[in-house]
Amino acid sequence: MTEELNIFNAIWDDGEWVGWDEINRQIQHKEWRARYPNARLKLVPYFEELLQLATRYFFDTDNHLQVYGDIGELYGAITHGIDLHRNYAMGSDGRLGDDFVEIKTITPFKKNDAVVVRLDRHFSKLFVVKINEEFEISGKLVDRKTLVNGIPKGTKRLKICWNDLSDHRYT
């Protein structure tokens with residue numbers, strides 16, 4: 001049952017009542033579109049709620065939830081339009097056009113700002129997400145080929161530091 005719109009919960013616009021809920025939803029979507037131009041907007045509330053939950057949980061308990069990988073993947077989806085694969089898909093975490101993308105997240109409790117990437121996985125782009133101790137989030141998208149230049153053949157894992165990625169920024 002929907003509530004009847006009237007002067008107490010809506011405005012009259014162009015011959016019809018428009019509810020405040022609809023107006024607020026449109027404003028929220030415009031703000032999200034400005035902040036995340038490549039986003040599938042239906043993913044944004046999940047991302048924001050999950051990040052807020054992880055933040056509140058940490059400040060209330062001094063412990064971390066194990067959700068940072070999911071937060072990183074959602075961040076890639078909403079900031080770059082990465083189409084995520086199903087959970088636990090082998091090889092990569094998503095697609096960006098014709099490219100397969102591996103997503104790695106640096107968590108707020110990590111002692112160093114580095115990730116380890118398995119080179120036997122099938123990806124052509126790497127998206128590294130950093131969530132700092134204040135739960136601010138940022139990401140860098142790089143081409144795989146810029147990471148493996150000069151790496152001995154047969155190397156199975158590669159440790160990549162956040163600061164080293166700035167030289168290979170992909171846009």
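The values are calculated or read from the model by the stated rules, or taken from the named source; none is laboratory data. Source: prediction; values computed, not measured. Here the Cβ is made from the backbone with ideal geometry for all residues, glycine too, and neighbour counts use every protein chain on show.
A few remarks follow.
- Matching residues, the stretch 5-48, being farther than 20 Å from Ile78 by Cβ and either loosely packed, with under 10 Cβ neighbours inside 10 Å or in contact (Cβ under 8 Å) with a residue 12 or more places away in the chain (or both): Leu5, Ile7, Phe8, Ile11, Asp13, Asp14, Gly15, Glu16, Trp17, Val18, Gly19, Ile23
- Looking only at residues in the stretch 84-140 that are of a type in the set (D, E, K, R) and not in a loop (DSSP other than H, G, I, E, B), the one that is nearest to Pro152 (Cα to Cα) is Arg118.
- Among (1) basic (Lys, Arg); (2) at pLDDT below 90; (3) buried (at least 19 other Cβ atoms within 10 Å of the Cβ) - the single one Lys125 does not satisfy: (2)
- Remark: Gly81 falls outside the filter, which requires a residue to be touching a residue at least 24 places away in the same chain (Cβ under 8 Å) and closer than 16 Å to Thr105 by Cα.
- Taking first residues from the stretch 154-171 that are within 10 Å of Val142 (Cβ to Cβ) and of a type in the set (Ser, Thr, Tyr) and partners that are at pLDDT 50 or above and in a strand (DSSP E or B), the Cβ contacts under 7 Å between residues at least 6 apart in sequence or on separate chains come to Tyr170/Lys125; Tyr170/Leu141; Tyr170/Val142; Tyr170/Asp143.
- Pairs where the first residue, in the stretch 97-123, is touching a residue at least 12 places away in the same chain (Cβ under 8 Å) and the second is acidic (Asp, Glu) and assigned to a loop (DSSP other than H, G, I, E, B), C-beta under 7 Å, 6+ apart: Val101/Asp93; Glu102/Asp93; Ile103/Asp93; Ile106/Asp113; Pro108/Glu133
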